[in-house]
Structures are given as C-alpha cells and as structure tokens.
Amino acid sequence: MTTPPARDRTRVGNDGDGLLELVLEGDEQDYWLRPGEQAVVVTASAAEAFDVYCAPGRIVVHFDGVGAWVEDVHGAPLAGGHQRPSGWDALVQRKPTQSLAQRGSE
C-alpha cells in the first residue's frame with residue numbers, strides 16, 4: 001500500500017455580506033464564495049509555500065511550485081470560475097494586489 005502524498009489544506013470562508021473572490025495566483029484561476037460559504041485551498045505538497053494577500057472583496061493566494069487547487073469543504077474539486085458573476089472581466093475589473101506588485105522582485 002502506498003502512502004498518498006502529504007498536502008497542506010487551508011480553509012477560506014466568507015464572513016462578509018457580498019461575494020468574495022478567491023484567486024489562485026500562479027494558475028490565474030478565480031473562485032467566488034457567497035456569504036457564509038467556505039472553500040479549501042489545497043497544495044500538492046506539504047512543503048509547498050504560499051503567500052496570502054487580501055484586498056476588499058478578494059483574497060489572493062500566491063504560490064510557486066508544484067501546484068494548488070480549490071475544493072469545497074467536502075473535498076470535491078471546484079472548477080475555475082466557480083460562481084463567477086455574470087459579465088465579470090478580470091482584466092478590466094480586477095485591480096492589482098501587493099502580490100502582483102511583488103512578482104518578479106523576489
């Protein structure tokens with residue numbers, strides 16, 4: 001019997017009154033949480049380091065390495081664009097975060 005690879009799991013919840021955008025920077029995927037909802041950011045390795053940046057209405061998880069994805073609290077994978085608002089255009093509407101400003105400076 002083989003042991004599954006170790007993974008880090010970090011739960012993210014929306015305690016606010018509106019939609020919360022969760023962005024996996026590195027994969028450039030967005031996931032949207034309604035008030036009261038939670039999701040789990042999973043990294044492919046327990047040694048995977050990541051940084052978290054917050055802006056109004058958005059949490060950005062920046063990682064470099066083997067990868068990360070988002071699951072619901074029951075472990076089912078969520079597709080990129082999960083619950084994205086109709087008409088949302090990230091290139092127009094998303095403002096840069098500190099993580100984007102630091103990219104390439106490390």
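Taking the stretch 50-78, which residues are β-branched (Val, Ile, Thr) and either crowded, with 18+ Cβ neighbours inside 10 Å or within 12 Å of Glu25 (Cβ to Cβ) (or both)? Correct list: Val52, Ile59, Val60, Val61, Val70. Can you give me the number of residues within the stretch 38-49 that are crowded, with 18+ Cβ neighbours inside 10 Å and either at pLDDT below 90 or in a loop (DSSP other than H, G, I, E, B) (or both)? Count: 1. Taken over the stretch 50-83, the residue count meeting the criterion of being among the basic types (Lys, Arg) and in a loop (DSSP other than H, G, I, E, B) is 0. Of all positions in the stretch 53-64, at least one carries a residue that is among the charged types (D, E, K, R) and at pLDDT below 80.
A search for C-beta distances below 6 Å between a residue of the stretch 16-41 that is under 19 Å from Val66 (Cβ atoms) and any residue that is among the β-branched types (Val, Ile, Thr), counting only pairs 6+ apart in sequence or on different chains, returns Val23/Val60; Leu24/Val61; Glu25/Val60; Val41/Thr10; Val41/Val61; Val41/Val70.
The values are calculated or read from the model by the stated rules, or taken from the named source; none is laboratory data. What you see is a predicted model, and the numbers here were worked out from it, not measured in a lab. Backbone-built Cβ (ideal geometry, glycine too); neighbour counts: all protein chains shown.
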